[in-house]
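The values are calculated or read from the model by the stated rules, or taken from the named source; none is laboratory data. Predicted model, so just to flag it, every value in this text is computed and none were measured. Here the Cβ positions follow ideal geometry from the backbone for every residue, glycine too, while neighbour counts run over all protein chains shown.
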Amino acid sequence: MFKRPILGSIPLSIIVSVYILLLLNRTFWAKTFGIMAGQNLAIAAFAVGITFAFIALFVSFSVKYLMKPLLIVFIWTAASSAWFMDQFGVIIDDDMIRNAAETNTAEASHLITAGFILHMCLYALLPSLLIAWVKIRHRNFFSKVVRNLAVIIPSLVIFAVAGLSHAGIYSFARRQNHDWFEMLNPVFPMINAVTYVRKATAEKNIVVKPLGRDAKVADALKASHRKPRVTIVVVGETARASSFQLGGYERPTNPELSKRDIFYFTKATSCGTATAISVPCMFSNLGQNGYAHARALAQENLMDVLVHAGVRTEWLDNNTGSKGVADRIPYSDLFNSKDARFCNGGECWDDILLDRLDGWLKTVSGDAVLVLHQLGSHGPAYYARYPDAFKIFQPDCRSSEFSKCHRDEIINAYDNTIVYTDHVLASIIDKLSAQQDRLSPSMIYMSDHGESLGEKGLFLHGAPWLVAPEQQTHIPFVLWLGAEARQGIESECIDKLEKEPVSQDNLFHTVLGLMHVETKVKDPKLDIYGSCKASNAKS
């Protein structure tokens with residue numbers, strides 16, 4: 001029988017701190033070497049300083065009864081964060097944690113792969129078992145304080161000296177790379193987790209304030225003498241503009257929309273880089289500059305304003321929820337549907353939205369807005385987002401572990417999701433066109449955010465907006481107008497706007513414009529449709 005080894009609390013703390021810093025911070029060190037390339041002395045001093053800072057931090061937690069649980073938590077946090085940062089280049093900030101907390105089992109299952117499990121066994125479970133096995137020699141309280149401080153204080157001095165030795169270089173590197181220390185494991189992931197919990201707790205007590213209670217349809221009195229206006233708002237998922245043929249992409253990813261009479265805005269940007277941020281933002285009137293998650297939750301949104309105006313509203317969701325936007329309107333969660341025609345393994349292809357749209361259109365008898373929230377191109381399991389008929393670009397990556405696929409295969413799979421989205425949007429247009437004898441329809445499509453596909457070593461999305469690459473913030477934006485909606489519209493005006501910078505800030509006001517809703521909370525300058533009415537376009 002093996003005799004359990006005995007270690008002092010300080011040596012064990014040092015071993016664990018060095019283990020995490022060296023083996024579970026690959027992304028952090030790669031970033032460090034990259035931004036200080038050629039500054040060898042600065043890199044060496046930085047490495048020494050960070051090492052002793054970690055030692056000081058971990059030794060400060062060497063408290064009897066708490067030490068083992070805390071060290072194990074640090075290791076599991078660092079190991080899981082390291083996997084996603086190393087594999088996909090993501091940053092574990094509070095928005096990323098919010099996105100993870102609001103996901104569902106099916107979506108999460110694509111991230112819990114065999115590679116992830118093996119990684120956690122090697123880098124988290126095994127070290128944790130060793131920590132649990134070893135006996136820790138603790139001294140009495142006074143002696144422990146003295147000995148801990150004898151390590152902590154010199155370590156902090158070394159950290160300070162190392163930092164001051166090349167302070168100018170470090171300061172400049174930090175200013176130019178705001179996400180640098182966000183990659184430091186497990187310090188910032190844990191800080192950001194606490195930040196998320198604090199915010200989420202505070203948000204539970206939010207009281208929603210009314211918005212746009214003065215809203216009304218401009219010609220409501222004439223409603224019985226005209227066709228009902230119907231706008232379909234399609235909220236895309238993870239579609240990036242740089243993969244849209246309509247915007248100049250060299251691949252034929254929009255074979256159907258290219259044949260439809262649509263408007264495509266080539267310079268559209270998102271409010272955030274994750275669904276949990278972008279969706280509430282795009283349906284609010286706050287705009288990106290005024291947006292805060294709690295602030296958006298504390299007031300009503302576009303859907304509520306439409307209700308105040310007497311417009312029928314509904315939300316069909318094939319994703320992970322409306323993020324609070326549809327809390328006060330009819331809502332249908334299609335994601336867990338058991339419809340075998342479209343669904344498998346707890347997820348459904350977006351064809352289910354087309355199927356439900358047919359039934360919904362039959363029930364429309366007055367002005368109405370329907371939101372269709374796509375599953376779209378959500379990664380990393382791109383291959384699961386489209387039927388076999390849309391495997392246009394091959395070979396396509398058939399795994400959620402990108403390390404198992406060549407980058408070209410990953411791009412092929414992603415591009416197939418765009419071709420499928422193209423089909424879904426074109427089908428919606430065709431269904432609306434077929435109803436023009438009794439309805440006045442329009443459709444607006446806007447993705448929530450984009451996606452990185454290996455550019456600069458990054459995959460997926462969720463990077464902090466200030467440092468996010470263009471691929472995550474440049475989004476596709478499509479507008480289709482039925483025959484009646486086009487009447488009185490200067491097409492040349494919209495043609496011009498197609499080439500101008502627009503953003504998710506425009507959605508709130510443009511949908512109100514499409515529905516002819518008047519309210520004090522509407523900004524005419526952000527209403528793409530209303531600003532191009534003949535009377536406005538010429539003024």
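Taking VAL521, is it among the aliphatic types (A, V, I, L, M) and at pLDDT 95 or above? Please lay out each step first, then the result.
Values: among the aliphatic types (A, V, I, L, M): yes; at pLDDT 95 or above: yes.
So VAL521 fits the description; yes.
Restricting the search to the range 488-518, which residues are over 27 Å from THR275 (Cβ atoms), touching a helix residue (DSSP H, G or I) at 6+ places or on another chain (Cβ under 9 Å) and outside any helix (DSSP H, G or I)?
GLY488, ILE489, GLU490, HIS516, GLU518
Applying the selection to the range 421-469, what residues are surrounded by fewer than 20 Cβ atoms within 10 Å (Cβ to Cβ), part of a loop (DSSP other than H, G, I, E, B) and not hydrophobic (A, V, I, L, M, F, W, C)?
Residues satisfying the conditions are GLN435, GLN436, ASP437, ARG438, GLY454, PRO464, PRO469.
Out of all the residues in the range 522-538, is one or more touching a Pro at 6+ places or on another chain (Cβ under 7 Å) and assigned to a helix (DSSP H, G or I)? Give the derivation first.
As a first pass, look at the range 522-538 and keep what is touching a Pro at 6+ places or on another chain (Cβ under 7 Å): 530-531.
Now narrow it down to the ones that are assigned to a helix (DSSP H, G or I): 530-531.
Within the range 522-538, one or more residues are touching a Pro at 6+ places or on another chain (Cβ under 7 Å) and assigned to a helix (DSSP H, G or I).
Determine whether SER17 is farther than 22 Å from PHE116 by Cβ, modelled with pLDDT of 95 or more and either buried (at least 22 other Cβ atoms within 10 Å of the Cβ) or not aromatic (Phe, Trp, Tyr) (or both).
Values: farther than 22 Å from PHE116 by Cβ: yes; modelled with pLDDT of 95 or more: yes; either buried (at least 22 other Cβ atoms within 10 Å of the Cβ) or not aromatic (Phe, Trp, Tyr) (or both): yes.
Yes: the conditions hold for SER17.
Can you find a residue that is closer than 30 Å to ARG229 by Cβ and either crowded, with 24+ Cβ neighbours inside 10 Å or of a type in the set (Phe, Trp, Tyr) (or both) anywhere in the range 387-405?
Step one: filter the range 387-405 for residues closer than 30 Å to ARG229 by Cβ, giving none.
Checking the range 387-405: not a single residue is closer than 30 Å to ARG229 by Cβ and either crowded, with 24+ Cβ neighbours inside 10 Å or of a type in the set (Phe, Trp, Tyr) (or both).
Of the residues LEU257, LEU211, only one is under 18 Å from VAL511 (Cβ atoms), crowded, with 16+ Cβ neighbours inside 10 Å and not β-branched (Val, Ile, Thr); which? Give the derivation first.
Working: LEU257 fails: under 18 Å from VAL511 (Cβ atoms).
Just a single option satisfies the conditions, and that option is LEU211.
Could you pull out every one of the helices (runs of 4 or more DSSP H) wholly within the range 16-97 that has 1 or more residues that are touching a residue at least 40 places away in the same chain (Cβ under 8 Å) and of a type in the set (Asp, Glu)? Let's see the steps before the verdict.
Values: elements: 26-35, 40-59, 67-88.
Here the list reads 67-88.
Hey, among LEU361, LEU375, which residue is closer than 20 Å to LYS338 by Cα and surrounded by 15 or more Cβ atoms within 10 Å (Cβ to Cβ)? Spell out the reasoning first.
Details: LEU361 fails: closer than 20 Å to LYS338 by Cα.
Going through LEU361, LEU375 in turn, just one is closer than 20 Å to LYS338 by Cα and surrounded by 15 or more Cβ atoms within 10 Å (Cβ to Cβ): LEU375.
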